[in-house]
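To start, the structure under review is shown below, and the notes come after it.
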Ligand code: SF4
Ligand code: SF4
């Protein structure tokens with residue numbers, strides 16, 4: 001899941017202060033699960049914006065919209081996005097991840113679209129209110145070689161061929177509060193009887209599949225071809 005956290009409320013209020021009709025848009029997916037940008041948070045945000053405006057003697061209209069996903073055009077046809085909803089507002093405050101915010105900006109090119117969240121990482125939920133990073137979306141997954149532990153996202157130096165030598169008692173030298181990824185890789189490979197994997201040298205990596213090659217896209221020709229056939 002994508003993990004995000006809400007920006008400081010003072011920063012959000014400053015960002016929307018110039019607008020008198022604000023659409024607060026939640027997202028029903030990842031940011032709902034990480035309790036940063038779901039319907040409940042959008043309702044709370046709308047109340048805070050109204051209260052802050054009242055305290056300053058300003059009259060502000062606040063609308064809310066709660067799509068299943070803010071990053072998927074499939075969900076933008078509902079009435080809450082029409083003139084009586086988001087389309088009629090003077091600005092959009094998006095509680096989606098960075099992808100959702102940008103998709104909203106594309107959909108409403110004449111409106112200011114303001115992020116209410118800081119998008120942080122791809123991770124997992126380990127406990128109530130506790131998420132950790134697991135993947136950096138490098139575009140060329142090698143987890144089968146590393147016992148299912150990602151050296152890109154979880155090693156402090158993203159080392160590809162073994163530990164840096166600074167690990168101590170299973171902890172990372174960059175941050176002793178986190179486990180050394182290569183210690184975890186060793187332990188996992190040992191457990192599943194694949195320690196020989198450690199002797200396989202990972203060649204210098206082609207990072208063109210990662211972010212370094214610019215924005216990436218993914219198009220399933222089989223799916224788009226099927227849809228085209230059905231439309232005829
Ligand atoms: S190797 Fe790449 S794709 Fe696989 S988990 Fe790590 S960052 Fe994600
Ligand atoms: S101590 Fe382990 S996790 Fe930290 S940088 Fe070195 S190899 Fe990577």
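What is the list of residues in region 96-121 whose amide nitrogen lies under 18 Å from a point 7 angstrom out from the Cα of residue 11, following Cα to Cβ?
96-102, 113-121
Given axes a ≥ b ≥ c from the Cα gyration tensor, I'd like to know whether region 136-205 is rounded (a/c under 1.5), prolate (a/b larger than b/c) or oblate.
oblate
When a/c is below 1.5 the answer is rounded, else prolate if a/b is larger than b/c, else oblate, so apply that to region 2-121 with a ≥ b ≥ c taken from the square roots of the Cα gyration tensor eigenvalues.
Taking the square roots of the gyration eigenvalues as a ≥ b ≥ c, region 2-121 is oblate.
I need 173, 41, 56 ordered by Cβ neighbour count within 10 Å, fewest first.
Placing the least packed residue first, the sequence is 56, 173, 41.
As a check on your grasp of the helix formula, calculate [θ] at 222 nm for the chain: sum -39500 (n - 2.57) over DSSP H runs of n ≥ 4, divide by the residue count, round to the nearest 500.
-8000 deg cm²/dmol
Using Cβ counts within 10 Å as a stand-in for footprinting exposure, how do 131, 182 rank, fewest first?
131, 182
With contacts defined as alpha carbon pairs under 8 Å and 6 or more residues apart, what's the relative contact order of the chain in percent?
Averaging sequence separation for qualifying contacts and normalising by length gives 16 percent for the chain.
Considering only 206, 18, 221, give the residue with the highest GNM mean-square fluctuation for the chain, with springs between Cα atoms whenever their separation is below 10 Å.
It is 221.
With a 10 Å cut-off between alpha carbons and a GNM built on the chain, which of 14, 188, 154 moves the most?
Highest fluctuation among the options: 14.
Read-outs: derived from the displayed coordinates by stated rules, not from any lab. Bear in mind the structure is a predicted one, so any value in this text is a computation, not a measurement. A quick note on method: Cβ atoms are made from the backbone with ideal geometry, for glycine too, and the neighbour counts reach across all protein chains shown.
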